[in-house]
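The values are calculated or read from the model by the stated rules, or taken from the named source; none is laboratory data. Because the structure is a prediction, the values reported are computed rather than measured. Ideal geometry is used to build each Cβ from the backbone, glycine not excepted, and the neighbour counts take in all protein chains shown.
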Amino acid sequence: MESAPVKALELLLSLDREIMQIVSVSVQLAVSSTLLASMISIPLGILLGFSHSRGARWVQVVFRSLMAVPTVVIGLFGYSLLSRSGLFGSWGMLFSPGAIIFGQTLLIIPIITSMTTGVIQAVDPTLRETLQTYRITGIRRNLIILREVRVQILLAVISGFGRVIGEVGVSMMLGGNIRWYTRTITTSIALETSKGNFEQGLALGIVLLIIALGINIILHAGVKRER
């Protein structure tokens with residue numbers, strides 16, 4: 001009798017149709033939500049990073065606090081907005097891929113925003129002094145600083161992707177874990193494991209581990225390059 005790990009590897013090597021579909025849905029949703037969140041978070045993070053007002057500092061504190069909010073809380077908040085009685089209930093998005101993207105976007109906006117703000121504020125003071133010496137100010141100065149931190153901002157986006165690809169609360173509550181439609185890697189692992197189908201759960205776990213390892217390698221390489 002074959003063990004669960006062996007069967008899990010066989011499922012992966014045979015490119016099992018359902019597993020490939022689940023992985024495809026997970027990656028597509030994660031990429032979509034990461035891109036959408038980046039379109040909001042990067043400009044906001046840049047604005048906060050260059051601002052020295054007291055209000056901006058308070059906004060930064062709020063975003064840093066939101067980074068620690070559990071995914072299930074974001075899922076509950078999203079559900080309250082997208083349910084029939086919710087503010088956006090008329091959109092009919094609940095239990096759809098769009099609902100998951102909506103929730104995942106909310107989840108990582110604070111992460112990408114805070115990291116973008118942080119890397120701008122952490123720019124080497126020598127660079128700022130040099131620019132000031134050459135009387136480079138305003139938009140031109142900010143563009144030079146952004147060029148220096150472009151890799152770190154990209155790493156912030158990759159960190160956001162890593163956060164959503166492995167989350168379960170938002171996907172479960174807003175997507176409904178519907179087979180062939182909104183089932184993701186994490187929700188499928190939870191379901192199949194509870195049913196005793198360890199082979200498929202383990203196969204998906206291996207895929208998730210490979211993705212997580214790849215993200216960490218990219219982040220490590222990026223940090224090492226900056227050093």
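Numbers below:
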item	result
Number of positions in segment 51-94 that are in a loop (DSSP other than H, G, I, E, B), polar (S, T, N, Q) and touching a Gly at 6+ places or on another chain (Cβ under 8 Å)	1
Residue that is modelled with the lowest pLDDT [pool: residues in segment 207-222 that are β-branched (Val, Ile, Thr) and exposed (fewer than 15 other Cβ atoms within 10 Å of the Cβ)]	Ile217
Spans of helices (runs of 4 or more DSSP H) in segment 104-193 with at least 1 residues at pLDDT 90 or above and not aliphatic (A, V, I, L, M)	138-148, 150-165, 169-175
Looking only at segment 125-177, and only at residues there that are more than 12 Å from the chain's Cα centre (by Cα) and charged (D, E, K, R), the one that is nearest to Leu107 (Cα to Cα)	Arg150
Any hit, segment 186-203, residues being polar (S, T, N, Q), over 15 Å from the mean Cα position of the chain (by Cα) and within 21 Å of Ser33 (Cβ to Cβ)	yes
Failed item, numbered, when Leu9 is tested on (1) over 15 Å from the mean Cα position of the chain (by Cα); (2) more than 19 Å from Arg179 (Cβ to Cβ); (3) not in a helix (DSSP H, G or I)	(3)
Total residues in segment 17-39, condition more than 22 Å from Phe95 (Cβ to Cβ), loosely packed, with under 15 Cβ neighbours inside 10 Å and modelled with pLDDT of 95 or more	2
